[in-house]
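Engineer: Structure in structure tokens, see below.
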Amino acid sequence: MVFLWPDLLWLLLALPLLVLLYVWLLRRRKAAVLHFPALALAREAQGTRSRWRRHVPPLLFLLGLAALLVAAARPLAVLALPSQQQTIMLAMDVSGSMRAADVQPDRLTAAQNAAKAFIADLPRHVRVGIVAFAGSAQLAQLPTQNHEDLVRAIDSFQLQRGTATGNGILLSLATLFPDTGIDVSALGGRQAMVRPQAIDEVGKPPHRGGRGADRPAPVAPGSYTSAAIIMLTDGQRTTGVDPLEAAQWAADRGVRVYTVGVGTVAGETIGFEGWSMRVRLDEDTLKAVAQRTQAEYFHAATAADLKKVYETLSSRLTVEKKETEVAALFALAGAALLVLAGLLSLWWFGRVL
């Protein structure tokens, strides 16, 4: 615990002086009793119970005063508090490689089940949007608090060719910030999938204003706490925008991109629409994307791993530890102790201390 006004803690040194004053008053009272035998007899009649009772209100008063002095120094403590995260974008890979069965029952089904469980555990005030990406990226569901709409969007996924991880990040970012300057049509149409030259430069994010359009002024990576992107993918980028360039755009807006790699690192060979392909997990790129945006990378080799990943992300995005001023708690405790001391003294002895 640290204090904003630590110099005020010197006032706590007055508490031992109050204890000495209390002890002096007790001795003075005892001397008075010895001079008056009638008072001594009355004191004996009260018994030991009354003797310890008379010390309780002063002790509570002393503790209450100490709590108020600590509150005056404005203490700060690291507490787990509800996160201010208001919007989460799920960018989910729906490329043909997601039909691989190394994650039971298959990668896509496991990802869908985990995503639905993740959404169900989120507080209702958190909005969730869904982007599905393969060779291109499409907005499957605008950010909403309606969990039923989100589940329907997830259940409607259809496998496609290609893996444009960068497009998934950029479309998620453009959904969060419509004024970012990203040409959404170039990310989601077939034109962006088969003609990357339709973008300003191959591997560069498309601008609405064409070549030379300016990015918004960058902020510190990870500094935007009202939204985050979770990207789930199982393969390497095969088309579209470079994911590291897309991650830089997210970093410049302060948005964290948490990456989840699904499947085995060694990969496997699968067939899809007459094609045979070797599906490998590009962990290096996914780690770099997360690192660039001050987020984290998670690897999920099984359905159970994927569920744990989403549970971890749910706790990270809905609860955060941060330094918070707790002076009000100390002030409340101090006031309660002072009131309790006065009430007990009034009840037991008919006077306030």
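Engineer: Per residue, how large is the accessible surface of the stretch 54-158? Use a 1.4 angstrom probe and give square angstrom.
Structural biologist: Averaged over the residues of the stretch 54-158, the accessible area is 38 Å².
Engineer: Using mean Cβ contacts within 10 Å as the protection proxy, how do 337-347, 63-73, 142-152, 2-12 order, highest first?
Structural biologist: Ranking, from highest mean packing down: 63-73, 337-347, 142-152, 2-12.
Engineer: Check VAL255: other-chain or 5+ apart residues with amide H under 5 Å from its amide H, H built from backbone geometry?
Structural biologist: GLY222, TYR224
Engineer: On full extension of the chain, what length is gained from ARG54 through LEU4, given 0.36 nm per residue of separation minus the C-alpha to C-alpha distance?
Structural biologist: Net length gain for the segment: 14.3 nm.
Engineer: Calculate one ³J(HN,Hα) per residue across the stretch 279-287 by plugging θ = phi - 60° into the Karplus curve 6.51 cos²θ - 1.76 cosθ + 1.60, and present them in order as whole Hz with x for glycine and proline.
Structural biologist: 9, 10, 8, 8, 5, 4, 5, 5, 5
The values are calculated or read from the model by the stated rules, or taken from the named source; none is laboratory data. Quick caveat, the model's predicted, so the values are computed rather than measured. In this analysis, Cβ positions are derived from the backbone assuming ideal geometry, glycine residues included, and neighbour counts consider all displayed protein chains. These accessible areas exclude ligands, DNA and RNA; they are computed on the full protein's heavy atoms, side chains included. Shrake-Rupley method; radii C 1.70, N 1.55, O 1.52, S 1.80 Å.
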